[in-house]
1. Among the listed residues A:Ser50, A:Ser79, identify the single one that is crowded, with 23+ Cβ neighbours inside 10 Å, hydroxyl-bearing (Ser, Thr, Tyr) and in contact (Cβ under 8 Å) with a residue 12 or more places away in the chain.
2. Among the residues of segment A:91-103, are any assigned to a helix (DSSP H, G or I), open to solvent by 60 Å² or more (accessible area, probe 1.4 Å) and either touching a Lys or Arg at 6+ places or on another chain (Cβ under 6 Å) or within 12 Å of chain B (Cβ to nearest Cβ) (or both)?
3. In this structure, is A:Met85 in contact with a Cys (Cβ under 7 Å, 6 or more places away or on another chain), surrounded by fewer than 23 Cβ atoms within 10 Å (Cβ to Cβ) and within 12 Å of chain B (Cβ to nearest Cβ)?
4. Consider B:Ser31 against the criteria (1) away from chain A (no Cβ under 14 Å); (2) surrounded by fewer than 24 Cβ atoms within 10 Å (Cβ to Cβ); (3) in contact (Cβ under 8 Å) with a residue 12 or more places away in the chain: it satisfies all of them except one. Which criterion is unmet?
5. Is it the case that some residue within segment A:58-67 is surrounded by 17 or more Cβ atoms within 10 Å (Cβ to Cβ), touching a Leu at 6+ places or on another chain (Cβ under 8 Å), at pLDDT below 90 and not hydroxyl-bearing (Ser, Thr, Tyr)?
6. Let me confirm something: among B:Gly361, B:Gly426, B:Gly422, B:Gly388, which residue is surrounded by fewer than 21 Cβ atoms within 10 Å (Cβ to Cβ) and either in contact with a Ser or Thr (Cβ under 8 Å, 6 or more places away or on another chain) or not in a helix (DSSP H, G or I) (or both)?
7. Can you tell me which of A:Asn74, A:Asn68 is closer than 24 Å to A:Lys5 by Cβ, touching a Ser or Thr at 6+ places or on another chain (Cβ under 6 Å), within 13 Å of chain B (Cβ to nearest Cβ) and among the polar types (S, T, N, Q)?
8. Can you tell me which residue in segment B:318-328 is farthest from the other protein chains (Cβ to nearest Cβ), limited to those that are touching a residue at least 40 places away in the same chain (Cβ under 8 Å) and open to solvent by 10 Å² or more (accessible area, probe 1.4 Å)?
Amino acid sequence: MNFKKYIKVTMVILLVIGVVILALGIVKWSENVYTGIIYLVIGVIQFLGSILLLPRIAKLEDQKEVGNRAVQANWLVLSIGIAGMALFMAPFFRLEAMIVPYIAFVLCVVSVLLSGINIYTAVKKVKARMVV
Amino acid sequence: MGDTVKKEEWPWVDAYGDYSMVPVPRHEKRSFSSIFYVYMGVLSCIAVLWGGGTIGLQFALKDAILVAVIGSAILAVIGGLTAPIGGISGSSTYVNMRFPFGTIGSQLFGTIVAGIACGIGWFAVQAWLFGIIVHTLFPNAAWANVGVASIWGGLLMIVTAIIGFKGLAWLSYLAVPFFMLIAGVGAMIGIAQGGGFAGLMSIQPQQPAPLSVGITQVVGMYIAGGIITSDISRYAKRAIGGAMGWIIQIIIFQVYMLTGSAMLMLATGAGDVAGALLAGGAGIGAFLMAILGQWTTNDNNLYNGALSFNTWLHTKKWHITLGEGLIGVGIAAWVGFAAGVSMDPFMKFLTLLGKILPAIGGVLIADFYIFRAYRKVPFKQRYKGKPGMKLARLNWVGWLSVGLGTWIGGWLMKWGIAALNGLICGFVIYTVLAIVLDALGVKIEIGEHTISEKGV
């Protein structure tokens, strides 16, 4: 699989994760509006961070430039993923049923791993810059 | 051919690393998002949340928002004026200071503004704050003793500062979105504990204060950062990029962070933000906030400090970063072991800072925007150095304006916002004196120094 296709596939996976967290946020909203907002914010940032990259690399032929843009988007997803991992299991988010925070936590672990691998791959494979 | 063109356009030698004494070459310039993220990294610190917390203890929510907006708007104007200076010249604040203060003046004032204040003072204070927060979160752990945590936290901060701009950017990419989110969580905890937004709006502060006090605190808290914006904006591809990056982060994100932490403190009435977050249920997020928040800010303090020391300490920048970092860690650890959990050194330091620094910024702004225009230097050619260029050793009007501006604005005037008074006084005094004396044919620049290809 070439690099651009690899990035597209992984970003779609991250995009789906963002959508699922958004859905969890809507579920949470009815239980606790304050935690629901945080779910929605994390979901929206994951979703936008992933989806905005796709049109930005659609017409690019230069693999390094694709890598540079992928690095930018994946830093955002990585950071928000770490925040989600730290927060979803915190007491403030465990006031009600635990199943939703657990699912959100696992999704964030996946997004952190995937975005971390994407940054590493972009730097190693196409010599993308870690600071754009 | 391309390389030849680059050499012709950039006739410097970066002898000390990270373009500390020479303009950043075009191929090393960074995107708006990188500049914005690094600025955000500086902003994303416990001190800002702590500042918001202090506001939350003094003002009702409506007034707290007003204080945050007015204070941030003032800072946006100051940084919005200083950032393009670095964007155009491509040089750090201290190299730019050679023009209004002379080469000796840039060394002296640069060392005061950034070397001592940021690189050692602020760095030590932030490392010490880091120790306090870690101790608050884990009061019984030996590794979380204020002094011990100041040491290992300070050493972490030294690492990214030594890497340079790239190190600052990597960490900011990682930490900034996280930090913004944790500030949002603080606000949510505050609203939840305050009985909803309406409930929070009705809470009256524990220690009410006039609006001007709050605005002074907001401006004083970050005016040093507003004056030395060129240290980062010199890397911006477009001069306007640095200014926009600064303005957006201040107007939107500083207000957001100050208000978020003010809500938390207003609702909980707690003494510190990290403790309130932990008590409110932020869990490990509170701990990560302490680490990442202090780290992203304090590596910038060291970075800026090393740039200023480089104007007279002609050695590799990372040697200076390591040296000043170790001094700062030593001070933080000493205060941590001796003073324990006390806010006094921090508050005294902020008060002093608010009085000394603004006049220097005022003179820099006046010289770049007014005096150079008066001398008919084209905007995009201002502060553009080149090897062999002759600069004054000393600009006595710049020195006098800083002295008078600091004295009048910081001590004599008993009304208004002290930090802003100092800046405006420095600006006005320099503008009037420099133009009038120049028109009368009085020499304001003394001595002559030729810039080498190393920028020294």
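The values are calculated or read from the model by the stated rules, or taken from the named source; none is laboratory data. Here the structure is a predicted model, which is why all the values come from computation and not from measurement. Glycine also receives a Cβ, built like all others from the backbone with ideal geometry; neighbour counts cover every protein chain displayed. To get the accessible areas, we keep the full protein, side chains included, count just its heavy atoms, and leave off ligands, DNA and RNA. Shrake-Rupley method; radii C 1.70, N 1.55, O 1.52, S 1.80 Å.
1. Step by step, each of A:Ser50, A:Ser79 is checked, and only A:Ser50 is crowded, with 23+ Cβ neighbours inside 10 Å, hydroxyl-bearing (Ser, Thr, Tyr) and in contact (Cβ under 8 Å) with a residue 12 or more places away in the chain.
2. So far as segment A:91-103 goes, yes, one or more of its residues are assigned to a helix (DSSP H, G or I), open to solvent by 60 Å² or more (accessible area, probe 1.4 Å) and either touching a Lys or Arg at 6+ places or on another chain (Cβ under 6 Å) or within 12 Å of chain B (Cβ to nearest Cβ) (or both).
3. When the stated conditions are applied, A:Met85 passes them.
4. (1)
5. For segment A:58-67, residues surrounded by 17 or more Cβ atoms within 10 Å (Cβ to Cβ), touching a Leu at 6+ places or on another chain (Cβ under 8 Å), at pLDDT below 90 and not hydroxyl-bearing (Ser, Thr, Tyr): absent.
6. B:Gly388
7. Working: A:Asn68 fails: touching a Ser or Thr at 6+ places or on another chain (Cβ under 6 Å).
Result: A:Asn74 is the single residue among A:Asn74, A:Asn68 that is closer than 24 Å to A:Lys5 by Cβ, touching a Ser or Thr at 6+ places or on another chain (Cβ under 6 Å), within 13 Å of chain B (Cβ to nearest Cβ) and among the polar types (S, T, N, Q).
8. Going through the qualifying residues, I end up with B:Ile327.
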